[in-house]
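Q: I'd like to ask you about the structure that follows.
The values are calculated or read from the model by the stated rules, or taken from the named source; none is laboratory data. Source: prediction; values computed, not measured. Cβ coordinates were reconstructed from backbone atoms using ideal geometry, including for glycine residues, and neighbour counts include every protein chain displayed.
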Amino acid sequence: MFGKGSVIVHPTHGVGRIVDIRSMAVGGASQHYYHIKLIDGSGLLMIPVDYAEEAGLRPVADADVILDVLATAPTVLNENYRLRQTHMAQKIESGDPVKIAEALRDLFWYGELKKLSSGDARLKARASAMLAAELAVEQGPVDLEQAADRLTAVLLDALETHTIAGDLR
């Protein structure tokens, strides 16, 4: 269970802060709800406390875990865009920060090898935005742009390291 003021991640909506826990009557039964203000300013979520695990609410990931995944050599992606995009979308929608980081890393590298399709570019942007939000919150007073720049810097360093090592290309 999370408390008021906890920073959490929703797998679809991203990072937010629990601003209140209120009891509300729904269908004649009283239930406690987390009121979550999303950090990107896109709104307020209300998630039943008893449904938090099923909804996929989790604490913010450790930045080192995310950055370590981005620094590893990528997985070669399927050339079939439908299969590739389905696989990447599943990773991103899982809400698992490691899988999201893998998707970002792999799409970044794929974009270095070939021009990304518009669907691939959208998936890459979504993964980057999700991870930047977690990084910004986890590493203290960092804005989203700075966090996104940090992700890109790690990816570029990995590109150089693994290209020299012959891991890909």
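Q: Please find, among Ala63, Ala73, the residue that is within 12 Å of the chain's Cα centre (by Cα) and not charged (D, E, K, R).
A: Ala63
Q: Quick one: which residue in Glu53, Glu93, Glu102 is free of Cβ contacts under 8 Å to residues at least 40 places away in the same chain and assigned by TED's automatic domain parsing to the domain that holds Ser117?
A: Result of the check over Glu53, Glu93, Glu102: Glu102.
Q: Another question about this same structure. Could you give me the residue pairs with C-beta distances under 9 Å whose first residue belongs to the range 134-149 and is assigned by TED's automatic domain parsing to the domain that holds Val15, whose second residue is surrounded by 14 or more Cβ atoms within 10 Å (Cβ to Cβ) and not in a loop (DSSP other than H, G, I, E, B) wherever it lies, and which are 6+ apart or on separate chains?
A: Here the result reads none, with nothing in the range 134-149 linked to a residue that is surrounded by 14 or more Cβ atoms within 10 Å (Cβ to Cβ) and not in a loop (DSSP other than H, G, I, E, B).
Q: Spot the failing condition for Leu83; the list is (1) at pLDDT 95 or above; (2) within 16 Å of the chain's Cα centre (by Cα), and only one is missed.
A: Result: Leu83 fails condition (2) only.
Q: Of all residues in the range 7-20, count the ones that are within 16 Å of Tyr51 (Cβ to Cβ) and surrounded by 16 or more Cβ atoms within 10 Å (Cβ to Cβ).
A: 7
Q: Let me ask another. Of the residues Gly95, Gly119, only one is out of contact with any Ser or Thr (no Cβ under 8 Å at 6 or more places or on another chain) and among the small types (Gly, Ala, Ser); which?
A: Only one candidate passes the filter, namely Gly119.
Q: Next question. For the range 33-50, enumerate the residues that are closer than 12 Å to Phe2 by Cα and surrounded by 13 or more Cβ atoms within 10 Å (Cβ to Cβ).
A: Once the filter is applied, which keeps residues that are closer than 12 Å to Phe2 by Cα and surrounded by 13 or more Cβ atoms within 10 Å (Cβ to Cβ), the range 33-50 yields Tyr33, Tyr34, His35, Ile36, Ile47, Pro48, Val49.
Q: Where in the range 54-152 are the helices (runs of 4 or more DSSP H), entirely inside, with at least 2 residues that are of a type in the set (Phe, Trp, Tyr) and surrounded by 18 or more Cβ atoms within 10 Å (Cβ to Cβ)?
A: In the range 54-152, the matching helices (runs of 4 or more DSSP H) lie at 97-113.
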